[in-house]
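Novice: Take this structure, written in structure tokens, and hold onto it; I'll ask about it next.
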Amino acid sequence: MAAQAKRAAFGAAMDRLLARLDGLLSPGAAIPAFGAGLEVPADGPYRRWTEWASFSFPINLSQQPALVLPCGVTRTGLPVGLQIVGARGEDARVLAIGAATERILSGLPA
């Protein structure tokens with residue numbers, strides 16, 4: 001019950017923040033992409049996924065709608081993602097921001 005109360009408080013704080021914003025942008029992940037099917041990179045210092053997923057799991061925890069778009073590549077050619085987060089219930093807005101971002105990234109007018 002205590003964990004649920006903390007989750008609800010975090011969600012409410014995110015609601016207050018996102019009430020003032022159209023959306024929130026962040027990296028999709030804190031590290032470059034790694035092998036599919038692995039919880040952590042084989043050659044990294046991480047033991048659990050929560051150690052590298054700090055941009056995504058809090059958003060899932062607070063129940064905000066979010067999406068991640070490919071937005072480039074690292075120097076070694078690995079994909080990089082941009083996370084777009086919206087207020088609870090604003091799924092359509094998140095999708096609209098994502099669609100506009102895709103158009104901008106592809107060189108088309110937003």
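The values are calculated or read from the model by the stated rules, or taken from the named source; none is laboratory data. What you see is a predicted model; the values in this text were computed from it and never measured. Every residue, glycine among them, receives a Cβ derived from its backbone with ideal geometry; neighbour counts consider all protein chains shown. Surface areas here come from the heavy atoms of the whole protein model, side chains and all, with no ligands, DNA or RNA. Shrake-Rupley method; radii C 1.70, N 1.55, O 1.52, S 1.80 Å.
Novice: So if each residue of separation counts as 0.36 nm, and I subtract the Cα-Cα distance between residue 12 and residue 38, what length gain in nm does that give?
Specialist: 6.1 nm
Novice: Quick one: with all protein chains in place, what share of the accessible area of the range 10-110 is carbon or sulfur, to the nearest percent (1.4 Å probe)?
Specialist: 61
Novice: Follow-up question, since we're still on this one. Using just the helices of the chain, give the 222 nm mean residue ellipticity in deg cm²/dmol: DSSP H runs with n ≥ 4 each add -39,500 (n - 2.57), and the total is spread over all residues, rounded to 500.
Specialist: So the calculated ellipticity at 222 nm is -11000 deg cm²/dmol.
Novice: Can I ask one more? Give, rounded to the nearest 20 debye, the magnitude of the charge dipole that the chain has about its Cα centre when Lys and Arg contribute +1 at Cβ and Asp and Glu contribute -1 at Cβ.
Specialist: 240
Novice: Counting Lys +1, Arg +1, Asp -1, Glu -1, what net charge surrounds residue 86 among other residues with beta carbon under 10 Å of its beta carbon?
Specialist: -1
Novice: Across 5 Å bins from the origin, how do the percents of Cα pairs in the range 65-109 run, short distances first?
Specialist: 5, 23, 24, 21, 15, 8, 3, 1
Novice: Binned at 5 Å from 0, what are the whole-percent values of the Cα-Cα distance distribution for the range 11-82, short to long?
Specialist: Distribution as computed: 3, 14, 22, 23, 18, 10, 7, 3, 0 percent.
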